[in-house]
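See structure below.
The values are calculated or read from the model by the stated rules, or taken from the named source; none is laboratory data. Just so we're clear, the structure is a prediction, and the values are computed from it rather than from any experiment. Every residue, glycine as well, gets a Cβ built from its backbone with ideal geometry; the counts of neighbours run over all protein chains shown. Heads up: the accessible areas ignore ligands, DNA and RNA and are worked out on the full protein's heavy atoms, side chains in. Shrake-Rupley method; radii C 1.70, N 1.55, O 1.52, S 1.80 Å.
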Amino acid sequence: MAVRSAAILLHRRGEAGREVWIAHMGGPFWARKDEGAWTLPKGLVEEDDVDELAAARREFAEEMGTPSPDAVYLPLGEFRASSKTFVVFAAEADFGPIELASNEFELEWPPRSGVFRTFPEVDDAGWHPVERARTKLAKGQRPILDALLRRLGESGSD
């Protein structure tokens, strides 16, 4: 079965134009990286999930430690990155600041050490202007920003 992830893309009009809420991936691999080390709040669509928006909102809450805001969520589309398909729901909403409380994962670190440590899935999150987010997001997720701007009838420089 193909891997599907459901994601929430919050956006708002900020002082510098359109801004999006994105999250920095946690764990030792991403610790000192910024460019390409950010993601939309997302997670796997489980086999028994019948409502992908509900799955996206569940995963947002797990990664942020707080529910996604009550808003009108519109399907933005499906996007392929690596071996995953992302189904993305966008909503215009002001959100945060929050006290980030991400779920965690276990990893052998350092590699082949026999020592297992726990790391947060997400270690930072916040609002970023679309053009800055374009460099921060993992490469495969960048087309999602273009789809959002098309949906809103905006260009990247707005």
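Accessible surface calculations at 1.4 Å, restricted to protein heavy atoms, place region 3-152 at 53 Å² per residue. In terms of packing, defined here as the mean over residues of other Cβ atoms within 10 angstrom, the peptides 7-13, 65-71, 133-139 line up highest first as 7-13, 133-139, 65-71. Distance from the C-alpha centroid of region 5-26 to that of region 107-137: 16 Å, rounded to the whole angstrom.
Taking region 3-152 on its own, what percent of its Cα-Cα pair distances exceed 19 Å? Value for region 3-152: 52 percent of Cα pairs lie more than 19 Å apart.
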